[in-house]
Amino acid sequence: MTTAPPAAAELSADEARRIALRAQGLLGAPDRRGGVRGVLRHLGAVQLDTISVLARSHELIPYARLGAVGRKTVEDAYWTTASDGAPAARPSAFEYWSHAACILPVEEWPHFAFRRRAYRSRPQWYHDLPDGAYHAVIKQLRAEGPLTATELGGAKNGGEWWDWSEAKVAVERALMYGEVVCTDRRGWKRVYDLAERAIPDPFLHNELDDRECVRRLVRLAGQALGVGTRADIADYHRLKGEQFDAVVADSGLVPVAVEGWSKPAWADPEALASEPRGRHRTTLLSPFDSLIWERARTERIFGFTHRLEAYVPKPKRVHGYFAMPLLSGGRLLGRVDPAREGTTLVARQVSLDSPKAVRPMAQALLEAAEWVGCDSVRVERVDAPELAAPLTAAVS
């Protein structure tokens, strides 16, 4: 682990919290002119996930920051499909492995060259490929244009979900190598195209060395977080600690000391230049939101322990399948496990820190319901029974 130089500034815990909120676009006036693409560029990565309750996570991220932006607007901002007969539109984003599977701004394509090279040098893979299968997929894409795995010959062999067909293995390998890119979705299926066709030339041919890739990603992660520890910043794009150590001195981030944090931290100098002020957003957060996706950081900044329980056996769940934290006034005040039944948004299980959280939770539920086309909210269970009636009245 790197030895941090003397701190350039000392921050209170409250200052660090507000810096983090502003950096994540949840404090201050929303950038409506930049819209969804502006949110993506600002965050640098929006995590994808298959779970859809209110909406998929990549839709919830801009909603949390911009409010009720149309869901089609969200999709169009990420994935651009040219109309029939028109030249292929150059994308504003692509999918790749960052914090996890993420949507990334297209200008970040050069920053992941180090990861593409690492994948190419791997000595083995989980799936074997017959000779010629990889090149057959590349040849088909070159001849026929953007295709899904189904159109390339089928995604599965007929077994379990991980039992991929040769075509699916080949095209996913090409995606990791950077020869193929996903810049569109059809019915949640990836649409693959050749990178040489989809990625603008200035980005496609900008081959940065490994150190410069990592240096830029560390700087961008620090900007997106505002302030963070070594682990926080490295985890944003799933870098190794030693990769962070090698470049942090040249990243432009400055060392700071944060009240109550036991480990050294670094901050974006621009985040330190002015006091974070402005309107706080009241909203429900996806568990995959970059404000809270790292549990240790969430506990350190907000004093809030959160765990996605979708993959926990139902009898062992504490807060529910897809519990969404409530953000209000710059604090995490509770959580709700939502569901949809027709045009009713159902709050299956609600946890509130105090009676003061009732009104913000009601506001967040009503706004979310309207956004997804529901006309009513039904509260099923509140962990604090004395708050059930006030919450039910507030959403009625």
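The values are calculated or read from the model by the stated rules, or taken from the named source; none is laboratory data. Predicted model, so just to flag it, every value in this text is computed and none were measured. Neighbour counts run over all protein chains shown; Cβ positions are idealised from the backbone, glycine included. Calculation scope for accessible area: heavy atoms of the full protein, side chains included, ligands and nucleic acids excluded. Shrake-Rupley method; radii C 1.70, N 1.55, O 1.52, S 1.80 Å.
Considering E10, E15, which residue is at pLDDT 90 or above, open to solvent by 50 Å² or more (accessible area, probe 1.4 Å) and touching a strand residue (DSSP E or B) at 6+ places or on another chain (Cβ under 6 Å)? Among E10, E15, only E10 is at pLDDT 90 or above, open to solvent by 50 Å² or more (accessible area, probe 1.4 Å) and touching a strand residue (DSSP E or B) at 6+ places or on another chain (Cβ under 6 Å). Of all the numbered requirements in (1) crowded, with 19+ Cβ neighbours inside 10 Å; (2) assigned to a loop (DSSP other than H, G, I, E, B); (3) not aliphatic (A, V, I, L, M), D184 misses one, and that requirement is (2). Suppose the filter is under 22 Å from L60 (Cα atoms) and not small (G, A, S); does P287 pass it? Yes.
Checked against the criterion of being in contact (Cβ under 8 Å) with a residue 60 or more places away in the chain, surrounded by 22 or more Cβ atoms within 10 Å (Cβ to Cβ), not in a strand (DSSP E or B) and not charged (D, E, K, R), the candidates A4, A20 yield just one match: A20.
All conditions in (1) part of a helix (DSSP H, G or I); (2) under 30 Å from K72 (Cβ atoms) hold for A388, with the sole exception of (2).
Counting only residues that are in a strand (DSSP E or B), open to solvent by 10 Å² or more (accessible area, probe 1.4 Å) and under 19 Å from L27 (Cα atoms), how many does segment 333-363 have? The number of residues fulfilling the criteria is 1.
Given (1) in a loop (DSSP other than H, G, I, E, B); (2) touching a residue at least 12 places away in the same chain (Cβ under 8 Å); (3) open to solvent by 20 Å² or more (accessible area, probe 1.4 Å), where does S274 come up short, assuming only one miss? Going through (1) in a loop (DSSP other than H, G, I, E, B); (2) touching a residue at least 12 places away in the same chain (Cβ under 8 Å); (3) open to solvent by 20 Å² or more (accessible area, probe 1.4 Å) one by one, S274 breaks only (2). Criterion applied to P338, P390, P355 was being within 30 Å of P276 (Cβ to Cβ) and touching a Lys or Arg at 6+ places or on another chain (Cβ under 9 Å), and the one residue passing it is P338. For P30, the test of being buried (at least 17 other Cβ atoms within 10 Å of the Cβ), more than 16 Å from the chain's Cα centre (by Cα) and modelled with pLDDT under 95 is passed. The one condition from (1) of a type in the set (K, R); (2) within 30 Å of K356 (Cβ to Cβ); (3) in contact with a helix residue (DSSP H, G or I) (Cβ under 7 Å, 6 or more places away or on another chain); (4) open to solvent by 60 Å² or more (accessible area, probe 1.4 Å) that R211 does not meet is (2). Contact map, segment 217-242: residues that are open to solvent by 20 Å² or more (accessible area, probe 1.4 Å) paired with residues that are in a helix (DSSP H, G or I) and of a type in the set (F, W, Y), Cβ distance under 9 Å, separation 6+ or inter-chain. Pairs shown: L220/Y236; R230/F244; A231/F244.
Taking segment 194-250 as the region of interest, the helices (runs of 4 or more DSSP H) fully inside it that hold 3 or more residues being more than 19 Å from I301 (Cβ to Cβ) are 195-198, 201-204, 210-225, 241-247.
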